[in-house]
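Input: a single structure, listed below in structure tokens.
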Amino acid sequence: MRLKTLLLLCPFLFASNVSFGQTEKVLDKIDAVVGNEIITASELQLQLLRIGMRQKIDMNDPSVRRRVLDEMLNRKLILAQAVLDSVNVPEEQVTAQLDQQIKMFEQNYGSIQKLEQAAGMTIAQMKREYREDIRKNLMVESLQREKFGSITVSNREVQEFFQTYKDSLPQVPEQVELRQIALFPRVMESFHDAAKKRAKDLLDSIKSGADFSELAKKYSDDIGSAKNGGDLGLARRGVFVKAFEEAAFGLQEGQVSDVIETQFGFHIIKVNERKGEAVRAQHILIRVTKTGESDSTVIIKLQEIRKRILVGEDFAILAKEYSEDEATKNYGGDLGLIEVQQLSAEMQTIQQNLRTNDICEPAKVSLDKEYAYSIVQLVKRVHPHSATLANDYQRIAGYARVFKQNKLYNDWLEEIKNNVYWKVSL
């Protein structure tokens with residue numbers, strides 16, 4: 001098998017997700033047995049359908065079916081080993097993952113009602129039905145991380161890998177090195193005050209007995225959660241921005257916060273459930289409207305900075321002084337060397353007409369889930385080429401690490417097969 005194929009079929013990228021569908025019990029052919037687990041023909045067909053939605057494959061090709069079955073078999077083998085190794089997953093983690101899965105499917109179907117209709121069961125039934133599947137998946141992932149998450153490669157291993165497989169390595173795609181100075185349009189004080197007053201009025205209504213969920217559906221500017229009454233699902237620390245998280249985790253069940261300000265606007269938060277280090281909250285968001293006047297102010301400021309660079313001032317120094325992109329300003333606005341295809345659509349458009357050292361006129365870009373204006377300089381363009389150790393060491397080291405993981409993974413699976421009963425009937 002060519003190296004490129006090996007890398008694409010990396011077992012660590014294979015995941016068996018829960019699927020919410022009809023659960024009518026029918027007689028089903030058993031395609032494989034692994035310890036106390038089985039793989040049925042319908043489960044195999046479902047996995048083929050999942051993969052078929054993501055990539056073009058011939059689901060009737062026997063070799064494809066066998067490859068997918070082998071991956072399912074491997075996960076069952078790892079699960080059996082996880083049971084033998086007494087791998088435990090915290091209940092809070094299972095609950096959070098289950099809630100996240102259900103929320104994702106709810107968003108895909110458009111509402112809880114449509115999801116329940118498609119699944120043929122209530123949300124509560126789904127949680128009971130699929131909880132154990134989620135637990136098993138987490139056990140597999142936990143054991144894989146433990147065994148292979150810290151694998152590294154030495155300089156010698158990278159060089160040996162390159163010498164062996166250099167003719168099979170995929171071509172390095174076009175890359176660009178960019179740096180930017182970004183500014184966010186300011187909110188006029190009157191608009192800021194108006195949004196805050198609107199949030200306070202809604203909070204007063206809640207305190208007077210108004211239904212939180214109904215107000216969220218009618219008035220919240222968070223479209224994703226508004227249709228569900230502002231429900232954000234069960235979430236652990238680290239999911240929300242700092243101010244929101246501090247407020248949410250400071251509330252008891254049933255409590256409603258004061259008006260909280262974040263970068264997204266003004267929030268009213270209600271906590272409905274606490275489970276260990278996780279909370280189930282709902283919120284109402286009132287965004288602060290920006291104006292064309294504030295946009296113009298930012299554009300003019302960036303034009304002035306651009307002129308200063310063009311007459312000789314240092315881009316990096318001005319980025320450190322003026323840029324509001326916290327992720328890059330301390331590095332002189334440096335975005336690093338990035339594959340063009342990995343850039344946002346906005347950045348792809350901006351860079352395509354730039355020559356080395358050119359700086360674009362102020363352009364509107366998405367940044368930190370908001371919009372900003374940015375001037376972007378093209379530092380370097382690297383055209384597509386064959387990988388070399390001199391120019392692409394980190395990329396080659398990544399390939400070598402995956403290759404090493406695959407080899408160790410396959411060796412490990414062979415060990416498991418000697419300790420666990422398994423049989424394929426396909």
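Is it the case that the stretch 194-212 has a residue that's β-branched (Val, Ile, Thr), buried (at least 21 other Cβ atoms within 10 Å of the Cβ) and touching a residue at least 40 places away in the same chain (Cβ under 8 Å)?
no
Are any residues in the stretch 252-263 touching a residue at least 24 places away in the same chain (Cβ under 8 Å), in contact with a helix residue (DSSP H, G or I) (Cβ under 8 Å, 6 or more places away or on another chain) and farther than 14 Å from residue 229 by Cβ, and if so, which ones?
Across the stretch 252-263, the qualifying residues are 258, 259, 261.
State which residue is modelled with the highest pLDDT when the search covers only the stretch 115-159 and only residues that are more than 14 Å from residue 102 (Cβ to Cβ) and among the acidic types (Asp, Glu).
Selected residue: 157.
Scan the helices (runs of 4 or more DSSP H) fully inside the stretch 263-379 and keep the ones with 1 or more residues being closer than 30 Å to residue 199 by Cα and out of contact with any Pro (no Cβ under 7 Å at 6 or more places or on another chain).
Those helices (runs of 4 or more DSSP H) span 292-310.
Take the stretch 380-396 and flag every residue that is part of a helix (DSSP H, G or I), of a type outside the set (Asp, Glu) and either touching a strand residue (DSSP E or B) at 6+ places or on another chain (Cβ under 8 Å) or assigned by TED's automatic domain parsing to the domain that holds residue 144 (or both).
391, 395
Every residue in the stretch 112-165 that is of a type in the set (S, T, N, Q) and either part of a helix (DSSP H, G or I) or within 26 Å of residue 74 (Cα to Cα) (or both), please.
113, 117, 125, 137, 142, 144, 150, 152, 155, 159, 163, 164
Quick check on my filter: what residues within the stretch 143-160 are exposed (fewer than 11 other Cβ atoms within 10 Å of the Cβ) and farther than 14 Å from residue 402 by Cα?
Result: 155, 156.
Only one residue in 290, 369, 320 is basic (Lys, Arg) and on the phi > 0 side of the Ramachandran plot, so which one is that?
369
The values are calculated or read from the model by the stated rules, or taken from the named source; none is laboratory data. Every value quoted in this text rests on a predicted model; they were computed, and no experiment measured them. Here Cβ is always computed from backbone atoms with ideal geometry, including for glycine, and neighbour counts include all displayed protein chains.
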